[in-house]
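Here's the structure, in structure tokens; my notes come after.
Rule-based calculations on the coordinates, nothing more; no lab input. Keep in mind the model is a prediction, meaning the values are calculated, not measured. Note: ideal-geometry Cβ built from the backbone for every residue, glycine included; neighbour counts use all protein chains shown.
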């Protein structure tokens, strides 16, 4: 829907341009509080970590391409697969979904001009960046974490792992958790309070429900990880006894705490992917989602039920039968809300008029692989079967279909889908489709044979295997698949990179999309919307009358909020206009606070506790200075 | 985010309070897990506390907790005074709470040091969780005291702007929850003697 701007309207737009003009240059980026700029920073940072995690994956696959591989030493292999897991989960998928997609798109979708706490949003980014560098400093100095991403004790205790490796893990994850907690709080308040007047909860795009559910799960799950890491570091650095059975501690305490975080984490990873899928499907099938309320409820249910299934990671540790049966049952129940969504996606595609462009292809790929990963998940919920294939490549196959096939595919599809919005240019459709097929085939060839070698008994995390086990051919196939997959991913990046310079102009709304981000220009201006949009349904952009109404309001100068960096806040349920907020435009304190935190964690790592305390004081002073600026416009 | 212009009396809770409420959800989860860990280790132990460690003495920690809870009264008063635009009353109320909370923290640090002389966190899992639980709680009280100080300073130098009105309410919410958590922490700490 093209916006027709009259000269009167243009005057209003020019005024907003002046008020919201960003600071120029590098300083502008360092001190920015604009959710779109922060989203872009998140995007490129997590993409860089994706590259690092991808290189680690290729190292693993190259090592395993044939029997008795010796590209990596056993010690190096341990570090590489551990960093692969940590990177992909904590430094790629979470920051890419919540950080990049959520930050950039969520305020646009709900018709707001920024997040609820713009400076805290910047803090989340800088803390995330510093924590990523912190953990990679371990790899650079030869002390990368090396006990797997779930880092079981006693292997991870000081006795068996005396170096700094695990300390980089423990402190790195506490550090990273600060960023994620702040981001989760910010998302929830933004979704509850910052929606454009009229966007009551039942008119909110399903994308926002998915992010709300993911942020809620993140908020309640992270304390468990942080606490587990705190216990681990107290044990390792100060000789506490949480995990040593000789002194009354318990190694299973770690497993429980880790998975109380770790299983909701799986849904935290995949819920934003659901949200991206529910944005792309209506646009390319030209119809509303089937069963909107059920899908919204299912998204929240998934996050909620995800807290009750953690011990299905622990079926082989000797829990009481009654406990394992409970967790097996709970793991089966969680299929229901997932299936509701799958049926809704399929029904929407079948009953609509689907246009199989690249973004929708990735979503179809996502649905297929999510079903595949879901089915192997059901087999793993069966206790006797799980006990047979535990810690084998079957499990690796399962969670790669769920995490790569299901969580990353919508990210890739979303990159294509929103590329025209971010850059104002179209990507190349032919190369887009080619990259999909290459990625799709690569994924299947890499991960499917892992089911078979897993059932054949190949254990995960072994740095090599002998020639006479019958695993050689399938492993070679997996490694070839990994190279195909890499080629597909590189093709996506090259397509988008070239299109950024050469692609044809996209206009505001190349897809006839249904959500508010498509009403504004591509790329959106710093103030997002010249007038705060009118909303009367969950598919705001398909309500032509509302958009015409907005054009008239722009001309009259109604709803401009141009007395500074202003944005409306509304009531939680009905989204009635409640107050006009004045937002901060830039602040240097978030990156400074992140630096003091980096100093704190570095000193804790090295055991200089007094200097660490000094950094705490500096951090508190930075926070104080931060709050001396009451959101100056 | 200060509200520069209020359309009409606000209907919903301001963003700042939402932010603190959600932060406290995470903190309450943290304490829930700490207390859960305490009883997890308790249930697998043969004797709790282990042989050679005396069960904790009850009176002082309970009295201290009651004193901490009593400070919720001036905190509540400060919150109401701020909403009624009475800056002086708000500052005074926070200062009164601050003094009592400071005494509470000092007493708790003395008790903590006393316990450290009796048994060590490095010798048993009981000691580990006992001292960790208390230290995390005391850290929250310390943070609250620093928030008191920051608020008093800001109210004195900046005045009771809309931003800091919300700030006083946020502070009050923080103390209500820390006070509530203190009850569960002290009952857990004293569980072997109760």
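Laid out as a table, the results:
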quantity: Rg ratio (alpha-carbon, reference 2.2 N^0.38 Å) - the range B:122-192; calculated: 1.46
quantity: Whether the range B:42-83 is rounded, prolate or oblate, judged on the alpha carbon gyration tensor where a/c under 1.5 counts as rounded; calculated: prolate
quantity: Cα→Cβ-extended label distance, 7 Å offset, between residue B:184 and residue A:552, nm; calculated: 5.4 nm
quantity: Relative contact order computed over chain A (Cα-Cα under 8 Å; 6+ residues apart), in percent; calculated: 22 percent
quantity: Ranked A:267, A:483, B:104, criterion: other C-beta atoms within 10 Å, fewest first; calculated: A:483, B:104, A:267
quantity: Ranked A:208, A:130, criterion: other C-beta atoms within 10 Å, fewest first; calculated: A:130, A:208
quantity: Calculated over the range A:350-494: convex hull of Cα atoms, volume per residue (Å³); calculated: 122 Å³
quantity: Anisotropy class of the range A:1-144 from Cα gyration tensor, a/c 1.5 cut; calculated: prolate
quantity: Per-residue [θ]222 nm for chain B (sum of -39500 (n - 2.57) over DSSP H runs n ≥ 4, rounded to 500); calculated: -27000 deg cm²/dmol
quantity: Alpha carbon centroid spacing (whole Å) that separates the range A:91-136 from the range A:222-289; calculated: 19 Å
quantity: Contact order relative to length of chain B, as percent, for alpha carbon pairs under 8 angstrom and 6 or more apart; calculated: 38 percent
quantity: Whole-number D in µm²/s for the range A:9-69 (Stokes-Einstein; Kirkwood sum over Cα pairs; 10 °C, 1.306 mPa s); calculated: 104 µm²/s
quantity: Alpha-carbon gyration tensor eigenvalues x 5, square-rooted, for the range B:1-141, Å; calculated: 39, 20, 10
quantity: Percent of alpha-carbon pairs separated by more than 18 Å within the range B:59-193; calculated: 54 percent
quantity: Sequence of A:188, A:340 once ranked by neighbouring C-beta atoms within 10 Å, starting from the fewest; calculated: A:340, A:188
quantity: Compactness of the range A:498-580, expressed as Rg and Dmax over alpha-carbon positions, Å; calculated: 14.6, 45
quantity: The range A:234-302: C-alpha gyration tensor shape, a/c 1.5 cut-off, then a/b vs b/c; calculated: prolate
quantity: Projected-area average for the protein assembly as shown over all orientations - Cα convex hull basis, square nanometres; calculated: 33.7 nm²
quantity: Square roots of five times the Cα gyration tensor eigenvalues for the range A:259-385, Å; calculated: 31, 13, 12
quantity: Alpha-carbon centroid distance for the pair the range A:467-521 / the range A:1-76, whole angstrom; calculated: 15 Å
quantity: Cα→Cβ-extended label distance, 7 Å offset, between residue A:133 and residue A:246, nm; calculated: 4.1 nm
quantity: Estimated [θ] at 222 nm from DSSP helical runs (n ≥ 4, -39500 (n - 2.57)) normalised by residues in chain A, nearest 500; calculated: -21000 deg cm²/dmol
